[in-house]
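Contents: one structure, followed by commentary.
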Amino acid sequence: MSRNDAAPGTVDAPPSRLRRLLSLLYVQCLIGVLAGAAVGWLWPSFGADLKPLGDGFIALVRMMIAPVIFCTVVHGIASMGNARAVGRVSLKALIYFEVLTTVAMVIGLVVVNVVQPGSGLHVDPSTLSTKGLPPEATASHESLAASLLAMLPDTLLSALTGHEILPVLLISVLFGFGLNAAGEAGAGLTQGIEKLSRVLFTLIRWIMRLAPVGAFGSMAFTIGNYGLDTLRHLF
């Protein structure tokens, strides 16, 4: 009997526990990591060639960061009718950001000096690419004035197409305050940005479904290129 010929009043059986477990994204990522480690161990050269899978996933995520930050910040500021309320929220957000950034730095320093991650990987730093890193990550030192000037993008759109977050935040805050000050003239644009943010978050949900593929490719490359002993240091 086909599904359409089922007796009236009957309902489909609920999915099994295993099926529900496999539908969870983090479980799929763990499976991808294990599968990637197995491929990198059994076929090292093939596993090393799977690096584009991880790089492609990271590139997709990076592609969405700037527009998501822009839409979220602009809509949040423009939706507040009172500029004084915006100032209070901005000050609290700045303090929150500074405090948690300091805590994160302390945790990072403690982990680096106590756990010493990667101390036994035997990776030649000269073979690692710095192509995707921002300029300040590879510079030896930079003055405060240069750091502040680096926040200023060349154009309004270049902030959204670059790889720096601070210019995006600067443009987002200025644009949000501009819409707030525009009143009724900026109301339609604010609604449009809200709708755009919904589309962006939908795209992010789709991209995150590819996380297991990215985890698989990255782990296969790591094990295939640096050996199975890398797992011990990664743990």
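The values are calculated or read from the model by the stated rules, or taken from the named source; none is laboratory data. Note that this is a predicted model, so its numbers are computed, not measured. When we count neighbours, we look across all protein chains shown, and the Cβ atoms used for this are built from the backbone with ideal geometry, even at glycine. These area figures cover heavy atoms from the full protein model, side chains too; ligands, DNA and RNA do not enter into them. Shrake-Rupley method; radii C 1.70, N 1.55, O 1.52, S 1.80 Å.
Quick notes on this one:
- Count of the range 166-211 residues which are basic (Lys, Arg), within 18 Å of the chain's Cα centre (by Cα) and part of a helix (DSSP H, G or I): 2
- Note on the range 52-96: residues that are open to solvent by 60 Å² or more (accessible area, probe 1.4 Å) and among the β-branched types (Val, Ile, Thr) amount to 5.
- For the range 1-30, the tally of residues that are part of a helix (DSSP H, G or I), loosely packed, with under 14 Cβ neighbours inside 10 Å and modelled with pLDDT of 70 or more stands at 10.
- Matching residues, the range 180-226, being in contact (Cβ under 8 Å) with a residue 60 or more places away in the chain and small (Gly, Ala, Ser): ALA181, GLY186, SER197, ALA211, GLY214, ALA215, GLY217, SER218, ALA220, GLY224
- All conditions but one from (1) within 16 Å of THR190 (Cβ to Cβ); (2) free of Cβ contacts under 8 Å to residues at least 24 places away in the same chain apply to MET63; the one that does not is (1).
- Those residues of the range 135-184 which are modelled with pLDDT under 80 and among the hydroxyl-bearing types (Ser, Thr, Tyr), in sequence order: THR138, SER140, SER143, SER147
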